[in-house]
Structures are given as structure tokens and as C-alpha cells.
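The values are calculated or read from the model by the stated rules, or taken from the named source; none is laboratory data. Bear in mind the structure is a predicted one, so any value in this text is a computation, not a measurement. Here the Cβ is made from the backbone with ideal geometry for all residues, glycine too, and neighbour counts use every protein chain on show. These area figures cover heavy atoms from the full protein model, side chains too; ligands, DNA and RNA do not enter into them. Shrake-Rupley method; radii C 1.70, N 1.55, O 1.52, S 1.80 Å.
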Amino acid sequence: MLNLLGKIYGVGADLRNTFYDRGIFKTHSLGAKTISVGNLTTGGTGKTPLVAYIAELLAASGEKVCILTRGYGRDSSGRVLVSNGEEVLVDARTGGDEPVELARKLIGKAIIVADADRVAAAAWAKEEFGVTAFVLDDGFQHRRARRDLDIVCVDTTSPLRFARMLPGGNLREPLSNLDRADVIVLTRAELAASTKDFIRSVRDLNPGAPIFRAEALLRRLRTLDAYLAGRSNEETQTLTKQTLAFCGLGNPQPFMEMLAKEGTTLIKPFDDHHRYTQSDIEQIEETAQAYRSNALVTTAKDAVKLDGLTFEIPCLVAELEVVIDDPDGFRDLVISS
């Protein structure tokens, strides 16, 4: 039954794309350089650190950057200015966890706007802030917004041969639609034994797009208090085998494997975009006590939802950075698009 539903879902996705390709559904210019970063699948593919990396490249080249995002999981509706580029204006409940995470990371570098209608949001942001470059977060399927560069993330920890259409799998559209991508980034490459077979699979679907390998590396560990207060001068912290990790991610496995390399193997997962309560923190600390853990660690995406909650055990925030195998080539494509 799920296979049948998946085929129907795939036909619907292909039909929608055909309507855009033939001009039946209209696309709209955002009036400035526009770079989309997206994927073919639901769940985490390591996209958010790449969005931040691209925004930093654009800002360093002199662009006035705005990230346009839907703000999945937020309580609010309509348009929310998450950051004006100088300060974070809302919490994760109002702006969404990933937009607030981006806003904290990109102070002084990018404006963040959450709005399901990214075409209208772009017109507003351009008028309000003089934006010269837009980054569409999770924009591959948002074809109403015309883009100058379509970057698609492919997670090397999820082999393409196992991919299935929703609802039986996590594909939003058939794999053949990867041929729409201008650039393909193989994310979490540090966790793959080899990317040669993966590259061959991608080349079968898109023979011409440049392919880059991206690794997500642990940049630093800050205490939760320092992270939430925006203190960047705190001395980096360390992990031990008894540090208990917790997270609410679409795909927690890469986070677990990254921590395992640092010597930490204990983890308590929650659902993606989980909204933490004080009761959750008490349960986490009870688990930590059972394992005789003397510290906790979580992701930046989770940390933005912990403001106002009380911890009896020290909590650290793992901040990641993206490393591209050909940074100059990637930068040239982004800047010249």
C-alpha cells in the first residue's frame, strides 16, 4: 500500500515540476542574487550548516544577505523577522529552531526572515533592508522563487539505492529530479568510508553538475549559558566518555557518530524539532545520573529551545562548521552566480 501511495506521490511531484518547466506555473524573480539550498528528502541532511556557510561567503564578498526560510515548527504564522542582521529578535517558539540557530550564528552577516511565501518576503526584505543576495533555506521544491543557483544536499549516510518516495520513505520527489540541480554537495562526507560509489550514483542522475564533499566538524564546545548569552570568548570545553548527549534531530545518527569520535557514546534522542520542557530536562538528568554522567551536550539547534530551563548538571553546546573539499571552487560558484 505504501509503495502505491509513493508512486502516486511521485507522479504528483513530477506533474508539478512539469507545470513549472513549461511555464504553466509561474516563477518570480526576487530582484537580487538568489541561491537555493535544498534536498530531495525530508529529515536532516546537514543542510543548515551549509546555509550558514554560504551566507558567510556572500557577506564576505560585500553582499547584503537575507536568508528566507519557512520556519518549520514555529507557533507563529505569517511573516516573522527573526533577525535584522544585528540582533536576534524572537525566540525559537516564534521563529523556529533552525532560523534562530542561524540568526545566532550569523549576527552581523545575515538577516533572517521566516515566511511560507518567500516571494512576498523577499520583496519586503529588499525594500526594508536593501538586500542584494537571498539564500533560500530548503528551497529545492519552492519553485515559485526563481534562483540563480540551485544547490542540492545529498546525505552520504543515506545510500540512494534505499531511497523511497513518501509516505513509505523520505523522498519528496523522485531521484531523477536531481538533474535539476546546478551544484550537488555530498554532506557528512566525514562519516562515509568512501564517496566513490556515491558519486557514481549521483553522476547517473546528474552528469554535469559540479560535486563537492562537505564535512561537518566540531568547531567548539561552549557552555549553554555562554551560548545563549552570545559570549564567544569562553574557553572551549571538552567531552568525556561519561558525557550524555541529547538531541531532537531528523537524523540523530551523524551526531552520535561525531560524538563517538570525541569519546562520547551515551545519547538520549527526541523527535525532530522537539520542544523541551522542564520535565524533559529532569528526565535527561535522571538518565545522566543513572550513567554517572557529570555533563550533558546537545546541538545548537536544540540549545535555542532551552532558554529559561534549569539544569543541575552542566550542559554544553556543540557548534559545527562546514569544510568543503574545494573551498575556492565552491566560493567562485556562489559569488559568480
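Between VAL152, VAL119, the distinction of being β-branched (Val, Ile, Thr) and in a helix (DSSP H, G or I) belongs to VAL119 only.
When the residues of region 137-148 are narrowed to those that are part of a loop (DSSP other than H, G, I, E, B) and open to solvent by less than 10 Å² (accessible area, probe 1.4 Å), which ends up nearest to ARG118 (Cα to Cα)? Out of the qualifying residues, it is GLY139. Exactly one residue among ILE67, ILE54, ILE107 is touching an Asp or Glu at 6+ places or on another chain (Cβ under 6 Å) and at pLDDT 95 or above, and that residue is ILE67.
In the set (1) over 19 Å from PRO49 (Cα atoms); (2) at pLDDT 95 or above; (3) open to solvent by less than 50 Å² (accessible area, probe 1.4 Å), VAL183 fails one condition alone, (1). The residue that is most open to solvent (accessible area, probe 1.4 Å), among those in region 188-214 that are β-branched (Val, Ile, Thr) and not in a loop (DSSP other than H, G, I, E, B), is ILE199. Apart from one condition, GLY168 fits all of (1) under 30 Å from ASP307 (Cβ atoms); (2) in contact (Cβ under 8 Å) with a residue 40 or more places away in the chain; the exception is (1).
Among the residues that make up region 256-273, is at least one of them out of contact with any Cys (no Cβ under 9 Å at 6 or more places or on another chain), surrounded by fewer than 20 Cβ atoms within 10 Å (Cβ to Cβ) and farther than 28 Å from GLU321 by Cβ? No: region 256-273 contains no residue that is out of contact with any Cys (no Cβ under 9 Å at 6 or more places or on another chain), surrounded by fewer than 20 Cβ atoms within 10 Å (Cβ to Cβ) and farther than 28 Å from GLU321 by Cβ. When residues in region 281-337 are screened for being more than 20 Å from LEU102 (Cβ to Cβ), in a helix (DSSP H, G or I), open to solvent by less than 40 Å² (accessible area, probe 1.4 Å) and of a type in the set (A, V, I, L, M, F, W, C), 3 of them pass. Please specify each residue of region 248-278 satisfying the condition of being outside any loop (DSSP other than H, G, I, E, B) and either in contact with a Leu (Cβ under 7 Å, 6 or more places away or on another chain) or among the hydrophobic types (A, V, I, L, M, F, W, C) (or both). Residues satisfying the conditions are PRO254, PHE255, MET256, GLU257, MET258, LEU259, ALA260, LEU266, ILE267, LYS268, PHE270, GLN278.
Of the residues examined, GLY38 is one that is open to solvent by less than 10 Å² (accessible area, probe 1.4 Å), outside any helix (DSSP H, G or I), closer than 24 Å to PRO254 by Cα and small (Gly, Ala, Ser).
The residue list PHE162, PHE129, PHE134 contains one member that is among the aromatic types (Phe, Trp, Tyr) and open to solvent by less than 50 Å² (accessible area, probe 1.4 Å), which is PHE134.
All of LEU217, LEU239, LEU228, LEU221 fail the test of being touching a Leu at 6+ places or on another chain (Cβ under 9 Å), aliphatic (A, V, I, L, M), open to solvent by 50 Å² or more (accessible area, probe 1.4 Å) and touching a residue at least 24 places away in the same chain (Cβ under 8 Å), apart from LEU217. Inside region 13-30, can you point out the residues that are surrounded by 12 or more Cβ atoms within 10 Å (Cβ to Cβ), part of a helix (DSSP H, G or I) and of a type in the set (A, V, I, L, M)? Matches in region 13-30: ALA13 only.
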